[in-house]
Amino acid sequence: MTYKIEEAGKTFMFHWVVLMLGALKQVDLSSKIDVCFDREDFNEYQKESFELLSDVINVVPNTCQWTLLPSIKPVDFQNGSGRPCVEHDTYHFLRDLFLSRVGNDFDTSEYNKIYICRSKSHLCEGNREDNSARRRQIVNEGEVVESLEEIGIKPIFFEDYTMSQKIQIMRDASLVVAPQSGGLTFTLFANKDADIVEIYPPNPHQYCDQYIDVCRALGIPFRRFHDVAKLDNYDNMVVNSTTLANFILQK
């Protein structure tokens, strides 16, 4: 039997991992299954997902009969509601699914405390399809990076790492700082004692509670830094780097 996973915005990391790959929890994975998709122009992180799950899924062309696997439907997409974004068993399923298949083939010793840069996010596939608009970027990121490096936090671009490396970095990190972004999808795999700090724009123009929801469901410490100046309707912002560094050190 071939299963088709319903399209749910696969060019965006959270949509791909949670809403689409989360659909696999609806089937028995004790033996390998064939899976197809509407769109087959897979990007690198999607191909890397298939490699990590190659013992349970075999990706085949969408040319034969299939049984639909509906994508995970949000419970609530309203900021500040406190309700789950999706049913929390989806997060637990995905955490177990990937962590059980990721080894220790990447040296994470230099990634104990990290800042996930977002200044290249407009070049990612999903954003390129949306006119390459810059969203939730920190305009003075260079200043922020310099300040965070002074307190031992390493700046990285998640775009430069494979799916497996991202999971291993997040799994082993004790501190993760990032503006609200798709990179925080990997809090699914964070250490249960890690400190997650999200730099959060005031009055965001789109739903932004998915990562606090992930951490709430998995019992991972999560803090938000709100003291930023929002510049436009795309939630680009200026951050006081000294205030941010002091906030991080408060814990």
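Quick one: length gained pulling residue 174 to residue 81 fully straight, 0.36 nm per residue minus the C-alpha distance?
Numbers: separation 93, 0.36 × 93 = 33.48 nm, distance 2.84 nm.
Gain on extension, residue 174 to residue 81, equals 30.6 nm.
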Estimated vicinal HN-Hα couplings, Hz - region 106-118 in sequence order (Karplus 6.51, -1.76, 1.60; Gly, Pro = x): 10, 6, 9, 4, 8, 10, 5, 10, 10, 10, 8, 5, 10
Normalised contact order of the chain, rounded percent, pairs of Cα under 8 Å and 6 or more residues apart: 19
DSSP bridge pairs, region 169-251: antiparallel proportion in percent, nearest 5: 25
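Sort 174, 147 by accessible area with a 1.4 Å probe, largest first. If you can, show how the numbers build up before the last one.
Details: 174 50, 147 15 Å².
Final ranking, largest accessible area leading: 174, 147.
How large a share of the accessible area of the chain, in percent, is made up of carbon and sulfur atoms when the probe is 1.4 Å and the other protein chains stay in place?
Numbers: 5210 of 11130 Å².
Ligands and nucleic acids excluded, carbon and sulfur reach 47 percent.
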Whole-Hz ³J(HN,Hα) from phi, Karplus 6.51 cos²θ - 1.76 cosθ + 1.60, for region 53-67, glycine and proline x: 9, 5, 7, 10, 10, 10, 7, 10, x, 7, 10, 10, 5, 9, 10
For the chain, built as a Gaussian network whose Cα springs stay under 10 Å, the top-fluctuating residue of 169, 57, 199: 57
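Translational diffusion coefficient of region 183-251 at 20 °C, 1.002 mPa s, Stokes-Einstein with Kirkwood Rh over Cα pairs, in µm²/s as a whole number.
Values: Rh = 13.0 Å.
So the translational diffusion coefficient is about 165 µm²/s.
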Local electrostatic count, residue 77, Cβ distance below 15 Å [Lys/Arg +1, Asp/Glu -1]: -2
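About its Cα centre, how strong a charge dipole does the chain have in debye, to the nearest 20, once Lys and Arg get +1 and Asp and Glu get -1 at the Cβ?
On the way: 26 positive and 37 negative charges, 103 e Å.
Dipole size: approximately 500 debye.
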For residue 136, distant residues with modelled amide H under 5 Å away: 235, 236
Percent of beta bridges antiparallel (DSSP, the chain, rounded to nearest 5): 10
Rounded Å value of the spacing that divides the Cα centres of region 1-51 and region 210-249: 30
Accessible area in square angstrom per residue, the chain, 1.4 angstrom probe: 44
Listed candidates (i) 21.0; (ii) 24.0; (iii) 18.9 - label of the one calculated as Kirkwood radius over Cα pairs in Å: (iii)
Sequence-distant residues sharing a close amide H with residue 199 (under 5 Å, placed H): 178, 180, 225
Calculated [θ] (222 nm, deg cm²/dmol) that DSSP helices of n ≥ 4 give over the chain, each run adding -39,500 (n - 2.57): -7000 deg cm²/dmol
Normalised contact order of region 143-251, rounded percent, pairs of Cα under 8 Å and 6 or more residues apart: 24
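The values are calculated or read from the model by the stated rules, or taken from the named source; none is laboratory data. For clarity, every value in this text was computed on a predicted model and none was experimentally measured. So basically every Cβ, Gly included, is an ideal-geometry build from the backbone, and we count neighbours across all protein chains shown. Surface areas here come from the heavy atoms of the whole protein model, side chains and all, with no ligands, DNA or RNA. Shrake-Rupley method; radii C 1.70, N 1.55, O 1.52, S 1.80 Å.
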